[in-house]
Amino acid sequence: MTETTSLVGLSPDELKTALIAAGVPEKSAAMRTRQLWNWMYVHGARDFAAMTNLAKDFRAQMAGRLSLARPEIVTEQISSDGTRKWLLRSGGQEFETVFIPEPGRGTLCVSSQVGCTLNCRFCHTGTQKLVRNLTPAEIVGQVLVARDSLGDWPSTGENRRVTNVVMMGMGEPLYNFENVKAALAIVADGDALALSRRRVTLSTAGVVPMIKRAGEEIGSALAISLHAVRDEIRDVIVPLNKKYPLKELLDACRNYPGVSNARRITFEYVMLKGVNDSLADARQLVKVIAGIPAKINLIPFNPWPGAPYECSEWGQIEKFAEIVNRAGYASPVRTPRGRDIMAACGQLKSESIKQRASERMAQMRSAELARMPS
Ligand code: SAH
């Protein structure tokens, strides 16, 4: 069998080039590109056979050379609260995607990298050794797989289930800028996955030099993983702060292209007991973000095995939230979702490395047994 190239994740220009390379005459290439774009991203076609309004010969010719393959689903887990987590495999690597249903909306939490280089002290993904950037196909593929599993086609449907995408899975999206940008262009395209840029949020730990470009070239909503409001503390829990300290980060937020009261920046703040949760921290928080159109998201810390922190006491979170509220910020405390399937914030990390090790152990043991005289 000859290898087929997947068209998922290509820009319209790249798609056109791929079609011409597969034998589509130049004069019909623009039309074919539009047709395929619509089938792939509005209707979620998984193969050419599904494209019933296109000539049979054309479909057969394409199917021999091209594919619409998505990442392979390794496992799908469904939490008691309806949250779903998929472990996906592509190019020999594994990564995770989470769907969080809420009344009237559904948010898909998408990964940008396998693993992460940032090593935030409270984040599980940072303990994973392997790191590689995901390709546009793998990023867009996460949305396709979720919509396939949820039966959520066409993407323009009135009651669609995936209404929002947040780049808050594994990895730092601003360290994979070009691929994230290419993928989000397809996610936000009204003729493709059709989520407007306002429904797409890019979350960063604070890669300051890329923030302006993100605003100009991607144009999504911005979330900042702030987590501390004094450099001494932020240096420890988000080590990237040593490179790009708070003042620079907050200046970049003030100047984020398009920021306004209608398009506020979300500041994420994970509540770590005795580390960043004092009432003085709360007062400092409202002080440092003064003047930035902002929302504040307080996230109860989600523990994982071996984590060096604990979640703040509930009463402390409430007192902290009250100070933030009184300063005029809505500060929803984000309820942890999908805890039973390790799908909550910061818990994404492929378990497969561990699993493979135990599979190897099992194989060794059975080989040993086979060698023993019976
Ligand atoms: N690198 C990007 C994208 C990851 S987003 C960023 O840092 O923004 C994942 C969000 O979950 C971030 O706000 C992260 O700080 C937060 N998070 C990570 N580990 C967590 C944990 N154990 N409990 C709660 N939130 C966590």
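The values are calculated or read from the model by the stated rules, or taken from the named source; none is laboratory data. Bear in mind that the values here come from a model prediction, so they are computed numbers and not experimental data. As a convention, Cβ positions derive from the backbone with ideal geometry for all residues, glycine included, and neighbour counts pool all protein chains shown. Please note that ligands, DNA and RNA were not included when accessible areas were found on the heavy atoms of the full protein model with its side chains. Shrake-Rupley method; radii C 1.70, N 1.55, O 1.52, S 1.80 Å.
5 Å is the cut-off here: which amide hydrogens, built 1.01 Å from N in the peptide plane, fall below it relative to Thr83, excluding neighbours closer than 5 in sequence?
Sorted by chain and number, the residues that satisfy this are Gly338.
Taking the Cα atoms only, what angle lies between the long axis of helix 26-37 and the longest principal axis of the chain, rounded to 10 degrees?
50
Apply the Karplus curve 6.51 cos²θ - 1.76 cosθ + 1.60, θ = phi - 60°, to the phi angles in segment 258-275 and return the couplings in whole Hz, x for Gly and Pro.
After applying 6.51 cos²θ - 1.76 cosθ + 1.60, I find x, 5, 6, 5, 7, 10, 7, 8, 8, 9, 8, 9, 7, 8, 10, 4, x, 10 Hz.
Leaving out ligands, DNA and RNA, and with a 1.4 Å probe, what % of the accessible surface on the chain is carbon or sulfur? All intermediate terms of the calculation are to be shown ahead of the outcome.
Numbers: 9160 of 17470 Å².
Ligands and nucleic acids excluded, carbon and sulfur reach 52 percent.
Taking 0.36 nm per residue of separation and subtracting the Cα-Cα distance, what length does fully extending Gln35 through Thr5 add?
Contour length minus the Cα-Cα distance gives 9.0 nm.
Between Arg161 and Arg89, what is the FRET efficiency for a Förster distance of 25 Å, r being their Cβ-Cβ separation, to the nearest 0.05?
0.60
Rounded to whole Hz and in sequence order, give me ³J(HN,Hα) for segment 80-90 from the Karplus expression 6.51 cos²θ - 1.76 cosθ + 1.60, θ = phi - 60°, writing x for Gly and Pro.
Once θ is set to phi - 60°, the couplings for segment 80-90 become 4, 9, x, 5, 10, 10, 10, 9, 10, 10, 7 Hz.
So for the chain, averaging the separation of alpha carbon pairs under 8 Å that are six or more residues apart and normalising by length, what relative contact order in percent results?
That works out to 15 percent.
Report, in degrees rounded to the nearest 10, the 0 to 90 angle that the Cα long axis of helix 279-288 makes with the longest principal axis of the chain.
For 279-288 against the chain, the angle is about 60 degrees.
Apply the Karplus parameterisation 6.51 cos²θ - 1.76 cosθ + 1.60, with θ equal to phi minus 60°, to every residue of segment 215-229 and state each ³J(HN,Hα) to the nearest whole Hz, in sequence, with x for glycine and proline.
These are the phi-based 3J(HN,Hα) values: x, 6, 9, 9, x, 7, 5, 10, 10, 10, 7, 7, 6, 7, 10 Hz.
Considering only the other residues whose Cβ falls under 14 Å of the Cβ of Asp235, what net charge follows from Lys and Arg at +1 and Asp and Glu at -1?
+3
What are the residues whose amide H is under 5 Å from the amide H of Glu313, where those residues sit 5 or more places off or on another chain and H is modelled from the backbone?
Hits under the 5 Å cutoff: none.
With the Cα gyration tensor of the chain giving a ≥ b ≥ c as the square roots of its eigenvalues, does the rule (a/c under 1.5 for rounded; else a/b larger than b/c for prolate; else oblate) give rounded, prolate or oblate?
oblate
Kindly provide the helix-only [θ] at 222 nm of the chain, computed as the sum of -39,500 (n - 2.57) over DSSP H runs of four or more divided by all residues, to the nearest 500 deg cm²/dmol?
Value at 222 nm, helices only, nearest 500: -10000 deg cm²/dmol.
Less than 19 Å from a label point 7 Å out along the Cα-to-Cβ axis of Glu14: which backbone N atoms in segment 197-214 qualify, by residue?
214
Going 7 Å from the Cα of Ala22 along its beta-carbon direction, which residues of segment 127-143 have the amide nitrogen within less than 19 Å of the resulting point?
The answer is 136-142.
Can you give the angle from 0 to 90° between the axis of helix 136-150 and the longest principal axis of the chain, with both taken from C-alpha atoms, to the nearest 10?
Once rounded, the angle reads 90 degrees.
Starting from the amide H of Asn297, placed 1.01 Å from N in the peptide plane, find each other amide H under 5 Å away whose residue is 5 or more places distant or on another chain.
Correct list: Phe267, Glu268, Tyr269.
Note the full-extension length gain between Asp57 and Arg197 as 0.36 nm times their separation in residues minus their Cα-Cα distance, in nm to one decimal.
Details: separation 140, 0.36 × 140 = 50.40 nm, distance 3.77 nm.
Once the chain is fully extended between Asp57 and Arg197, it gains 46.6 nm.
If you roll a 1.4 Å probe over the heavy atoms of the protein chains, what accessible area per residue do you get for segment 72-341, in Å²? Could you put the intermediate results ahead of the total?
On the way: 10940 Å² over 270 residues.
Heavy-atom accessible area per residue stands at 41 Å².
What shape does segment 5-67 have by the C-alpha gyration tensor, where a ≥ b ≥ c are the square roots of the eigenvalues, rounded means a/c under 1.5, and otherwise prolate means a/b greater than b/c and oblate the rest?
Since a/c stays below 1.5, the shape of segment 5-67 is classed as rounded.
Looking at this model, which pairs from Lys129/Lys242; Lys85/Lys181; Lys287/Lys319; Lys85/Lys273 are more than 19 angstrom apart at the alpha-carbon?
Lys129/Lys242; Lys85/Lys181; Lys85/Lys273
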